[in-house]
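A quick write-up on the structure given underneath.
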Amino acid sequence: MPEKLGDCIMPAFAAFIIIYGLFSRVSVFDCFLNGAKDGLKTSANILPTLIGLLAAVTMLRASGALEALTNVLKPVANAVGLPEQVVPLALLRPVSGSGSMAIVESILSENGADSFAGRVASVIQGSTETTFYAVAVYYGGVGIKNIAHTIPSALTADLTGMVLSGILAKVFFGM
Amino acid sequence: MMNYIWAFIIIVSLIFAVFTGNIPAVSSAMISGAQSAVEIVLGLLGAMCMWNGLMKIAEESRLTGKIAKLISPLIRRIMPDLKPHGEAMNAVCMNITANLLGLGNAATPLGLCAMREIKKECRLTDRANDSMIRFVVMNTSSIQLIPTTAAMLRMRHGAASPFDITPCVWVTSSAALAAGLLMSILLGALKESPGRAARRTNHA
């Protein structure tokens, strides 16, 4: 049932937006084209970052260092019900958006998108954010230096998200 | 920070490669990794443009403003020290809406605007207050309704149904956000507990 629901969300969402646009008398196709151009720009912007980071992550994996790190932290991950393959993702997720995207990519290509590790990695990617980046940009932008208990609170959210991804992936997909 | 992390990853790979004898693999990985980044971006280009196009319609038809209004009662509860109809509250709601819809490009400028307004309205100097901390915590957790990036990557790798993770993502991210907010309330209360406040005045 939850899987069926997941299938319907995208088309329902798209249909709703287009119909709402028509009723608001927006020239939907022109508007769509403008947005699509933004998509082109965004893609062009992330490409250099992704090249740098994916090269680095692929090197880390080829050197055997990623596997060593994963093995060291395997007991910790398994203790909270996470597959060990997502260890590098858990470490990099709060720091870099493109970096974690590079790691999800490598987890999916190694284990398959619908494997347990693949699903958990996808759920982590979808349910957490680049914590340190957001903190730096937002507080830096307004010159607030004493950020009190922001970091522990934000990291509590990240940790909760990661631990739950493992548990809920089992619940939702019966793995 | 990314400067150090990136350099660290590459240097560790090279040192590790020397010890494990994986140097040829690492040198080809550098090129193949860079190449696969191009493949990912090209492979996702269509979906990315499609998505951004749809979202532009939502923006132009003022759907985003509607949603912002819809969520504002909830936000008022989370940030009680902001004026219910003030500039700060408005900017906060717009930013949260942009995040819900996955409008990354729009969310950051709106978020910065919200930060400036919160700072002004609460007369902050260089220390964050509870509302500001909660706002940042909401931005450091993912509240995106549709996990597009994850789904696009899943599509690339032959997922039977790339978006089927969505309900699971909803439950996970709501729980994560709730945990983050609870922790911020708890830590805020600890810091302002009567004992502490009394000690501080004694020092002064």
Open item on the list: Cβ contacts < 8 Å: first residue at the interface with another protein chain (Cβ under 9 Å from one of its Cβ atoms), restricted to the range B:116-131; second residue of a type in the set (Lys, Arg) and in a loop (DSSP other than H, G, I, E, B), any location; separation 6+ or different chain. Result?
Closed with: B:Asp126/A:Lys145; B:Arg127/A:Lys145
Open item on the list: Return the residues of the range B:15-24 that are surrounded by fewer than 17 Cβ atoms within 10 Å (Cβ to Cβ) and facing chain A (nearest Cβ under 7 Å); say none if nothing qualifies.
Closed with: B:Thr20
Open item on the list: Condition first: surrounded by fewer than 24 Cβ atoms within 10 Å (Cβ to Cβ) and on the phi > 0 side of the Ramachandran plot. Can you find one or more residues in the range B:112-120 that meet it?
Closed with: no
TODO: Go through the range A:103-135 and count every residue that is in a helix (DSSP H, G or I) and among the hydroxyl-bearing types (Ser, Thr, Tyr).
DONE: 6
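Here's the yes/no breakdown for (1) under 28 Å from B:Ser36 (Cα atoms); (2) touching a Gly at 6+ places or on another chain (Cβ under 7 Å):
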site	(1), (2)
A:Leu108	yes, yes
A:Val135	no, no
A:Ile144	no, no
A:Ile167	no, yes
Open item on the list: Quick check on the range B:140-147. Is at least one of its residues more than 13 Å from A:Ser153 (Cα to Cα), surrounded by 24 or more Cβ atoms within 10 Å (Cβ to Cβ) and among the hydrophobic types (A, V, I, L, M, F, W, C)?
Closed with: no
Open item on the list: Go through (1) of a type in the set (A, V, I, L, M, F, W, C); (2) at the interface with chain B (Cβ under 7 Å from one of its Cβ atoms); (3) not in a helix (DSSP H, G or I) for A:Val57 and report which single condition fails.
Closed with: (3)
TODO: Might you let me know whether the range A:75-97 holds any residue that is of a type in the set (S, T, N, Q) and facing chain B (nearest Cβ under 10 Å)?
DONE: yes
TODO: Would you point out the residue of the range B:153-192, among those that are buried (at least 18 other Cβ atoms within 10 Å of the Cβ) and of a type in the set (S, T, N, Q), that is farthest from A:Pro152 (Cα to Cα)?
DONE: B:Thr166
Open item on the list: I'm checking my understanding of the structure. Among residues of the range B:93-115 that are at pLDDT 90 or above and within 7 Å of another protein chain (Cβ to nearest Cβ), which one is nearest to A:Ala14 (Cα to Cα)?
Closed with: B:Gly111
Task: Sole residue being part of a helix (DSSP H, G or I), more than 7 Å from chain A (Cβ to nearest Cβ), β-branched (Val, Ile, Thr) and surrounded by 13 or more Cβ atoms within 10 Å (Cβ to Cβ), chosen from B:Ile5, B:Ile67 - done: B:Ile67
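The values are calculated or read from the model by the stated rules, or taken from the named source; none is laboratory data. Here the structure is a predicted model, which is why all the values come from computation and not from measurement. In this analysis, Cβ positions are derived from the backbone assuming ideal geometry, glycine residues included, and neighbour counts consider all displayed protein chains.
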